Structure formats: structure tokens, C-alpha cells
Amino acid sequence: MSCHNGLRAQAYFGVINNTNDREKKAMKYKRTVQYACIQSGYWMGVLGLIGFSSAYLLENGYTNGQIGVIVAICSLASTVGQPVVAGWIDRSGGKQLKRWLYLITGSLLATAFLQAFLFLVIVQTVMERLSPC
């Protein structure tokens, strides 16, 4: 009978499930770090785009009023689109998300490499024309 009471006391004070609690805390910390990385990456990207979009659009001849409307429409589309896309991804079980992420990442990398290659070709062509032979 005393052994039973001792186990109950150990379970009450968390002695028995101590490793399980450590694993739970470690998993919770890992998820928190992952969430923080996702959020910080998202906001750095959004703020970078918003910050440079007005300068880019002003350079292309848009007025301040038109830029405000464009940014507002983009923000509204983002506000409406995110829950719709999230629901679609939740229903598909995440497989579609991985496919889209791979497709978008691959497209962005291919575009970046193509732009870098074209930049180098243009620089080389300009340098050849400017150099005296």
C-alpha cells in the first residue's frame, strides 16, 4: 500500500514523467523558433517590397495617389487570399503546398541565375566595346 502511495506522489511531483516533459519543452521551443523564423522572413520580405514599391512605381510614372491605391489593393488581396490559400492547403494535406513551394523556389532560383548570367553577358559586351584594341 505504501508503494502505491509512493508512485502516486512521484507522479504528482513529476518525477516519473520527467523525460517526457523535457521532450515536450524541447519540441515547444523548436516550434517557437521555427515560427519566429517564418514570421521574420515573411515580414522582412513584405516590408522590403512595400518600401521599394513606391520608389519603383514613382520612377515608372505613377502618381502618389495611384501608388496608394495599388498598395491598398495588394494588401486587400493578401488579406483575402491568405485564408483561402490556407484552407486549400489544409484540405489537401500539405502535399500541394510542398509542390507549390518547390515550383516557386525553383522558378525564383532559375530567374535569379538567368538574370545574373545576362548581367555578366551585358557587362562583358560593354567592356569589350569600351576597351581599346
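Nothing in this text is a laboratory measurement; each read-out follows from the coordinates by a stated rule. Here the structure is a predicted model, which means the values were calculated and not measured. Ideal geometry is used to build each Cβ from the backbone, glycine not excepted, and the neighbour counts take in all protein chains shown.
Of note:
- Efficiency of FRET from Cβ geometry, VAL33 and SER54, R₀ 22 Å, rounded to 0.05: 0.10
- Cut-off 14 Å between beta-carbons: net charge of the residues surrounding LYS24, Lys and Arg +1, Asp and Glu -1: +3
- If you sort the three axes of the alpha carbon gyration tensor as a ≥ b ≥ c, you get a/c of 1.5 or more for the stretch 51-133 and a/b no higher than b/c, which makes it oblate.
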